[in-house]
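Comments concern the structure below.
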Amino acid sequence: MSRRIGQVSLAVLIAIALLSGCAAKNNCPVSEPVWVKPPVDAAVMNPPEYGYYFVNEDSSIMASAWWVEPHKDYPLVLEEGIKVGWFRPEGAELVITGKRLDADAPALEAHIPCCYPTRFQATGLYFPSEGCWEVNAKAADKELTFVVRLERTK
């Protein structure tokens, strides 16, 4: 009899663990990128084309979201990082920070090359783990915050 209770208890624990994992994924307030055309910029060789971007209220900061396809599976954490193009107030220093919201993890690493004089700024973002991540960008007195859910590459 006690073995049967142990098996039932184990089954209940497994079910709870699986359900809580699903709940954790659903508790990530993922930001939906928007389909917009970025501004014309002398640093970008081709004319601007529509694409997915994370955009603040006044469109003063935009982050390319090519690596996040809306309504698809979660994007992957890439060991080599994710290249992200930004538009921010012209010549303003871009500061990017990020933290994992659903567990403890080292902070997001942002590699931001110096001295882009126009609105465009190229960057590399390195997420140290999968999970629910909040990314914050500041330039001049403007700010953009978005949330993404990432999974580890297979």
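The values are calculated or read from the model by the stated rules, or taken from the named source; none is laboratory data. Not measured: the values here are computed from a predicted model. Methodologically, a virtual Cβ is constructed for each residue, glycine included, from the backbone with ideal geometry; neighbour enumeration extends over all protein chains shown.
With respect to Ala43, is the statement that it is within 17 Å of Leu144 (Cα to Cα), out of contact with any helix residue (DSSP H, G or I) (no Cβ under 9 Å at 6 or more places or on another chain) and at pLDDT below 95 true?
When the stated conditions are applied, Ala43 does not pass them.
Residues are listed down the side, and each one gets a yes or a no for (1) under 17 Å from Glu143 (Cβ atoms); (2) modelled with pLDDT of 95 or more; (3) in contact with a helix residue (DSSP H, G or I) (Cβ under 8 Å, 6 or more places away or on another chain); (4) loosely packed, with under 11 Cβ neighbours inside 10 Å:
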| site | (1), (2), (3), (4) |
| --- | --- |
| Cys22 | no, no, no, yes |
| Ser60 | yes, yes, no, no |
| Ala63 | yes, yes, no, no |
| Lys72 | no, no, no, yes |
| Lys83 | no, no, no, no |
| Val95 | yes, yes, no, no |
| Gly98 | yes, yes, no, no |
| Leu101 | no, yes, no, no |
| Ala105 | no, yes, no, no |
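Of the conditions (1) buried (at least 17 other Cβ atoms within 10 Å of the Cβ); (2) at pLDDT 95 or above, Val68 clears all except one; give me its number.
The failed condition is (2).
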